[in-house]
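Student: Got a structure for you, written out below as structure tokens; questions coming shortly.
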Amino acid sequence: MHIVLEPLTEDDGPEILDIFNYYAANSFAAYSLSPFPVEMAGMFLDLSNGYPSIVARNEEGTAVGFGMLRPYSPMPAFSATCEITLFLRHGFTGQGIGKAILEHLAEEAADTGLGSILASISSLNEGSIRFHLKNGFHECGRFRDAGEKFGRKFDVVYCQRML
């Protein structure tokens with residue numbers, strides 16, 4: 001599939017929330033317990049303010065995925081570390097889109113002086129864990145039974161990729 005990566009803008013908010021909200025409602029990939037209303041699109045996008053963020057579009061111009069980097073912590077001691085959010089439209093996994101988004105964000109992050117990317121992943125999201133480990137991340141920590149969604153407890157798995 002041919003995709004185009006473009007900088008994420010406020011105009012992308014409704015499509016990005018549509019992608020994210022599928023996972024909020026149906027999986028452990030998004031920690032939100034319920035979908036976000038469209039009015040929250042700006043706040044959602046503000047998380048990555050000043051950091052690389054992109055949307056992947058297919059030939060028809062439909063957003064099929066997005067990725068955002070954001071601060072890991074507001075404390076200056078952690079300014080070289082960021083955290084990633086990456087979601088693909090349901091049905092578009094396994095086509096190289098996630099890898100393209102990740103590699104683009106990692107390159108931009110390195111160019112801006114960031115030294116590592118962290119990913120916080122539900123232990124019940126095995127596909128995401130496999131994806132990150134396959135693409136240069138290493139598991140670096142696990143918080144046992146830290147979350148609960150759909151009546152099930154899960155660990156939060158932290159993975160890190162050095163740039």
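Student: In region 80-102, which residues are among the basic types (Lys, Arg) and either within 19 Å of residue 17 (Cα to Cα) or in contact (Cβ under 8 Å) with a residue 40 or more places away in the chain (or both)?
Tutor: The one that is among the basic types (Lys, Arg) and either within 19 Å of residue 17 (Cα to Cα) or in contact (Cβ under 8 Å) with a residue 40 or more places away in the chain (or both): 89.
Student: Taking strands (runs of 3 or more DSSP E) that fall entirely within region 1-95, which contain at least 2 residues that are within 23 Å of residue 160 (Cα to Cα) and of a type in the set (Val, Ile, Thr)?
Tutor: Where strands (runs of 3 or more DSSP E) fall fully within region 1-95 and carry at least 2 residues being within 23 Å of residue 160 (Cα to Cα) and of a type in the set (Val, Ile, Thr), they are 53-57, 81-88.
Student: Looking only at region 62-79, count how many residues are in contact (Cβ under 8 Å) with a residue 12 or more places away in the chain and in contact with a Phe, Trp or Tyr (Cβ under 9 Å, 6 or more places away or on another chain).
Tutor: Residues meeting the conditions: 9.
Student: Which of (1) at positive phi; (2) touching a residue at least 24 places away in the same chain (Cβ under 8 Å) is the odd one out, the single condition residue 105 does not satisfy?
Tutor: Condition (1) is where residue 105 drops out.
Student: Sticking with this one: Quick one: in region 32-53, which of the residues that are surrounded by 14 or more Cβ atoms within 10 Å (Cβ to Cβ) and touching a strand residue (DSSP E or B) at 6+ places or on another chain (Cβ under 8 Å) is nearest to residue 93 (Cα to Cα)?
Tutor: Only one residue fits best here, namely 53.
Student: Name the single residue that is surrounded by the most Cβ atoms within 10 Å (Cβ to Cβ) among those in region 137-155 being farther than 16 Å from residue 126 by Cα and small (Gly, Ala, Ser).
Tutor: Top of the filtered list is 146.
Student: Would you pick out the residues in region 113-158 that are basic (Lys, Arg) and within 27 Å of residue 76 (Cα to Cα)?
Tutor: 142 - this is the single residue of region 113-158 that is basic (Lys, Arg) and within 27 Å of residue 76 (Cα to Cα).
Student: On to the next question. Of the numbered conditions (1) out of contact with any Gly (no Cβ under 7 Å at 6 or more places or on another chain); (2) closer than 22 Å to residue 106 by Cβ, residue 62 satisfies every one except a single condition; which is it?
Tutor: (2)
Student: Of the residues that make up region 121-139, is at least one among the polar types (S, T, N, Q), in a strand (DSSP E or B) and either out of contact with any Phe, Trp or Tyr (no Cβ under 6 Å at 6 or more places or on another chain) or farther than 26 Å from residue 55 by Cβ (or both)?
Tutor: Within region 121-139, none of the residues are among the polar types (S, T, N, Q), in a strand (DSSP E or B) and either out of contact with any Phe, Trp or Tyr (no Cβ under 6 Å at 6 or more places or on another chain) or farther than 26 Å from residue 55 by Cβ (or both).
Just so you know, all these numbers are worked out from the coordinates, no wet-lab data involved. What you see is a predicted model; the values in this text were computed from it and never measured. Because the Cβ atoms are built from the backbone with ideal geometry, glycine has one as well, and the counts that use them run over all protein chains shown.
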